[in-house]
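Heads up: the structure comes next, in structure tokens.
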Protein chains: 2
Amino acid sequence: MANTSDRSKRTDVNTLGEFGLIDHLTSGFELRQPSSIKGVGDDGAVIDNGNMMTVVSTDMLVEGIHFDLMYSPLKHLGYKSIVVNLSDIYAMNAIPKQVTVSIALSNRFSVEALEELYDGIKRACDYYKVDLIGGDTTSSPKGLYISVTAIGQVEKDRVVYRNTAKAGDLICITGNVGAAYLGLQLLEREKQLYLSNPDIKPDLEEQDFLVGRQLKPEARKDMIDVFKKSGLQPTSMIDVSDGVASEIFHLCKQSKVGAFIEESGVPIHPDAQMMALKFQLDPITCALNGGEDYELIFTIDPKDLDKVKYLPDIYIMGEIVPASDGIKLHTKGGNIHDLSAQGWKHF
Amino acid sequence: MANTSDRSKRTDVNTLGEFGLIDHLTSGFELRQPSSIKGVGDDGAVIDNGNMMTVVSTDMLVEGIHFDLMYSPLKHLGYKSIVVNLSDIYAMNAIPKQVTVSIALSNRFSVEALEELYDGIKRACDYYKVDLIGGDTTSSPKGLYISVTAIGQVEKDRVVYRNTAKAGDLICITGNVGAAYLGLQLLEREKQLYLSNPDIKPDLEEQDFLVGRQLKPEARKDMIDVFKKSGLQPTSMIDVSDGVASEIFHLCKQSKVGAFIEESGVPIHPDAQMMALKFQLDPITCALNGGEDYELIFTIDPKDLDKVKYLPDIYIMGEIVPASDGIKLHTKGGNIHDLSAQGWKHF
């Protein structure tokens, strides 16, 4: 009988990390179809369809890893599972048009629970104007697994990749970061209190902003319209799912460049600032390594500075530099040190 | 704190069945994008991309539900996970071009185990000439979950749906059925023996054909070429994943027709015939309800009979009739009774 455990050589997946593992497993695969323009390694894959490019992105959300049903209402979870995938499509400067949703669930979930989940999925589909066109529903021995694939479209000359930033480009971000992470800390704290004493009423301190950023994030659909209207073509783009620092690392690695980030240029919401201090955390660490903010980080040619300078919601947080200059953070205190990317390690 | 178990009304998902559940959950969703041609309800969804249609299909494979690593080598599992999705694309008369693969796995899996899985995925990609363009790899608290999305292309006027069969059409199938199910019975028998006494050496009775049909099925890529070369446009098509009877029910329900199936027209391999008798099972029941054969069932206009009559591998197993005539099986013994679709109930 085949068995996965009785092999002589056994390398733990932890040794490679999520991105190292994907690189390792997919390195032998080539793109041979003329229509396959971009494969593994960006927010989405790109398929040539004549006049338009089709952009495809897929994500798997796992109970106990990506979400906790103790504090994630199923409706919010359904909404978020769509949004995180749409965010990847926007990060290619494309407009999402369709999604498929596959779900594996244990018999602990009722039809009513699933209705709530699909209500959230429907609300996201309505708001972002995407169609649910397919999927799969199956049972799972334990837990809830949600796999979403989003499909979008973009004009051939407007698709934006991760690997096209150039030294001298300005690094921009579409909004504040760190709040989703602090929302999660707050929810986790109340969960622990509740588990130790179920009579305690959870106190989320009316932190609707922080909790909302965690439980019901939005993708920056509006920015893709703004880019088009203002005639701005970012030189590269990525969305903030794992954390600003981690995304900057991806962008620099793929573009073979370095980056110089100004701490003062990283936008942090006052509520996030306050909550970080309350948790005795460094606000900038939360902002750079927190993740799940679903803002867009993009780079622009400096000649396009006028096009973004007066736009609301866009912050310039640094500059692309030659790879040899490394990836550095210039702190408010005037120090310069290496940026460290913790991101989210799932393994 | 939110909780999925403390609701007043609780309907077990078993009460609806897999297809009923999908229908129920997706009934409120509309297609609003002009490019969304076909949504939930066929083998794949169809997106209009100008000259060509893009066909999308997705499937989730769950350890303990769809596969058992006691007897599924990971390489075969990787191969099969791609093939079952490509089969859905072929069932739309389309050619698959790209796949995405998302995986959730527990820490019991080593890098070497994943390499085997991806080796199988790569072999399928090579053989069927599809590109792996994306995916997600994450951890799971327990077990292995594989979610594959396949993307294909077809000329606008050649796409074939499930809901376009007409009374008078002939029902064809591309090969023998029931063998994959009997291969599974054999593997399950040996697993039980092994579990009761690990010293017993598994005896698969050199049933390479049956075991191969279960562990390493192939999709009927060749038939799509044959259809094109012979100028044959099926009037409807579906692939055999859940079982012939179940697929005939889908096709009839969607096309609003009935069917008359000749038992003598359902091809059964001699090895399957023999093994069914050995297991004291009715061969025709295995053939009609077994599933996982990944043959194609398609209907043709009777005027196209000459185009298929002399083709190898195509069997005519019945006729589409008006809905009012029901869905019947004409047995070899001369009896006519209602066809029953057990299919695979995952819930």
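Here are a few things to note about the model shown:
- The conditions of being among the charged types (D, E, K, R), assigned to a helix (DSSP H, G or I) and either surrounded by 17 or more Cβ atoms within 10 Å (Cβ to Cβ) or outside the structural domain of A:Lys328 (by TED's automatic domain parsing) (or both) are not met by A:Glu188.
- Within segment A:59-76, being within 26 Å of B:Leu132 (Cα to Cα) and at the interface with chain B (Cβ under 7 Å from one of its Cβ atoms) holds for A:Asp59, A:Met60, A:Val62, A:Ile65.
- Looking across segment B:223-243, the residues that are small (Gly, Ala, Ser) and in a loop (DSSP other than H, G, I, E, B) come down to B:Ser230, B:Gly231, B:Ser241, B:Gly243.
- Residue within segment B:44-58 that is surrounded by fewer than 21 Cβ atoms within 10 Å (Cβ to Cβ), within 7 Å of chain A (Cβ to nearest Cβ) and closer than 24 Å to B:Gln214 by Cα present: no
- All positions within segment B:138-150 that are in contact with an Asp or Glu (Cβ under 6 Å, 6 or more places away or on another chain) and facing chain A (nearest Cβ under 7 Å): B:Gly143
- Within segment A:26-43, the residues that satisfy the criterion of being more than 8 Å from chain B (Cβ to nearest Cβ) and outside any strand (DSSP E or B) are A:Ser27, A:Pro34, A:Gly41, A:Asp43.
- When the residues of segment B:199-231 are filtered to those that are aliphatic (A, V, I, L, M) and surrounded by fewer than 19 Cβ atoms within 10 Å (Cβ to Cβ), the one that is nearest to B:Tyr294 (Cα to Cα) is B:Val226.
- Within segment A:77-98, the residues that satisfy the criterion of being more than 10 Å from chain B (Cβ to nearest Cβ) and over 15 Å from the mean Cα position of the chain (by Cα) are A:Gly78, A:Ala94.
- Residues that are assigned by TED's automatic domain parsing to the domain that holds B:Ser241, in contact (Cβ under 8 Å) with a residue 12 or more places away in the chain, touching a Lys or Arg at 6+ places or on another chain (Cβ under 8 Å) and assigned to a helix (DSSP H, G or I) are absent from segment B:285-295 altogether.
- Residue selected from segment B:107-129 under the condition within 7 Å of another protein chain (Cβ to nearest Cβ) and among the aliphatic types (A, V, I, L, M), by the criterion nearest to B:Val83 (Cα to Cα): B:Leu114
The values are calculated or read from the model by the stated rules, or taken from the named source; none is laboratory data. The shown structure was predicted, so the numbers you read here are calculated from the model rather than taken from an experiment. FYI the Cβ positions are ideal-geometry reconstructions off the backbone, even for glycines, and counts take in every protein chain you see.
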